[in-house]
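All remarks here apply to the structure that follows.
The values are calculated or read from the model by the stated rules, or taken from the named source; none is laboratory data. Here the structure is a predicted model, which means the values were calculated and not measured. In case anyone asks, the SASA skips ligands and DNA or RNA and just uses the protein heavy atoms, side chains included. Shrake-Rupley method; radii C 1.70, N 1.55, O 1.52, S 1.80 Å.
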Amino acid sequence: MKLLTVVCALLSALVVGACSRAESAASVPAADAPKLLWMGDSVADGLAGPLADAAATSGLQMQSIASTGGGNVSGIAELTTSTWEQLTARLASFSPDVVAYQVSTYDWGTEDEQRAAYERLLKTVTDAGATLVFVTMPPIRVDDFYADHMEELERTSRLVAEVAAGSGGKAVAWDSAEVWGASYQLDRDGKRDRSPDGVHTCPQGAARFTAWLLDHLAAHYAGFTPAAPASWANAGWAAGPAFQGC
């Protein structure tokens, strides 16, 4: 299913003239655009597809270490170990200017453990010369798997905001409730927005999130102008396995 009509209808308020025509992809990166490293769990991994296409058409260099079955920085050690290893390696090989971490639904632990993980992330990123962007996770539908961890997950937004506020300008925290709302919502404007599994996103929601994130990056980091959604909405990412069930 083509996304252009859906994206144009829903994003016109965000990007003036976004749907007037499709634009050709940028052939070279914008000279002053920040290099973006995207990280997080399977939710972030699903969003990496549209983000990569939108970044490319905007002249923004982007790489992703978002991971299905991991990607978190707090919680189960077997999962976090891989996250830290991948982050360290990519900071060295890619040298990003901005690292954006979408808080994971696996960021479990005590408040002190969670805060320590976010502080570690801040130090790791900033020691490599990059700025850290925390992005709060989309709200989820509580099921038996998450029921015992909701208190932990519900405080993550406050914790990343506090870590960012104490960073001396080295980090910011962006609340994705501006995109998703305060609670899980399956459909929006008559279209499927979130996955029926209660956690992941569908193409419509992923497109709205992508436009939102790039607009935030452009507002905070000079050097590029986000491409109109019409230029990346139908790039093929919506047919990927991340959106099965949508």
Checklist outcome for this item: GNM of the chain, Cα pairs under 10 angstrom: of VAL99, VAL142, VAL73, the biggest fluctuation goes to VAL142
Item to check | Other-chain or far-sequence residues with amide H under 5 Å of SER64's (modelled H) | outcome: TRP38
Checklist entry - When only alpha-carbon atoms count, how far does region 103-246 stretch along each of its three principal axes, as whole angstroms with the largest first? => result 45, 40, 24
Item to check | Gaussian network model of the chain, springs between alpha carbon atoms under 10 Å - residue of GLU162, GLU78, GLU119 with greatest fluctuation | outcome: GLU78
Checklist outcome for this item: Under the Karplus relation with 6.51, -1.76 and 1.60 and θ = phi - 60°, whole-Hz ³J(HN,Hα) for region 128-137, x at Gly and Pro, equal 8, x, 10, 9, 9, 10, 8, 10, 5, 6
Item to check | Selected from ALA56, ALA211, ALA165 as most flexible by GNM, with the chain as the system and alpha-carbon contacts under 10 Å | outcome: ALA165
Next on the checklist: Before I look further, what does the chain give for accessible area per residue, probe 1.4 Å, in whole square angstrom?
Outcome noted: 43
Checklist entry - Which cross-chain or sequence-distant (5 or more) residues have an amide H under 5 Å from the amide H of THR131, H modelled 1.01 Å from N in plane? => result VAL98, VAL99
Checklist entry - For the chain, what is the relative contact order in percent, using Cα pairs closer than 8 Å and at least 6 residues apart in sequence? => result 27
Checklist entry - Tell me, how many Å apart are the Cα centres for region 103-162 and for region 197-246? => result 22
Checklist outcome for this item: Once amide hydrogens are built 1.01 Å from N within the peptide plane, the residues lying 5 or more places from TRP174 or on another chain with amide H under 5 Å from its amide H are PHE134, VAL135, THR136
Checklist outcome for this item: Of the accessible area of region 117-182, computed with a 1.4 Å probe and all protein chains kept, carbon and sulfur make up a percent value of 47
Next on the checklist: Give me a comma-separated list of calculated 3J(HN,Hα) values for region 152-163, in order, Karplus coefficients 6.51, -1.76, 1.60 applied at θ = phi - 60°, integers in Hz, x for any Gly or Pro.
Outcome noted: 5, 5, 5, 8, 4, 5, 5, 5, 5, 5, 5, 5
Checklist outcome for this item: Rounded to the nearest 500, the 222 nm mean residue ellipticity computed for the chain from DSSP H runs (n ≥ 4, each -39500 (n - 2.57)) alone is -12000 deg cm²/dmol
Checklist entry - Across region 204-219, in residue order, what do the Karplus-derived ³J(HN,Hα) couplings come to in whole Hz, using 6.51 cos²θ - 1.76 cosθ + 1.60 with θ = phi - 60° and x for Gly and Pro? => result 4, x, 4, 5, 4, 4, 4, 4, 4, 5, 5, 5, 5, 4, 5, 6
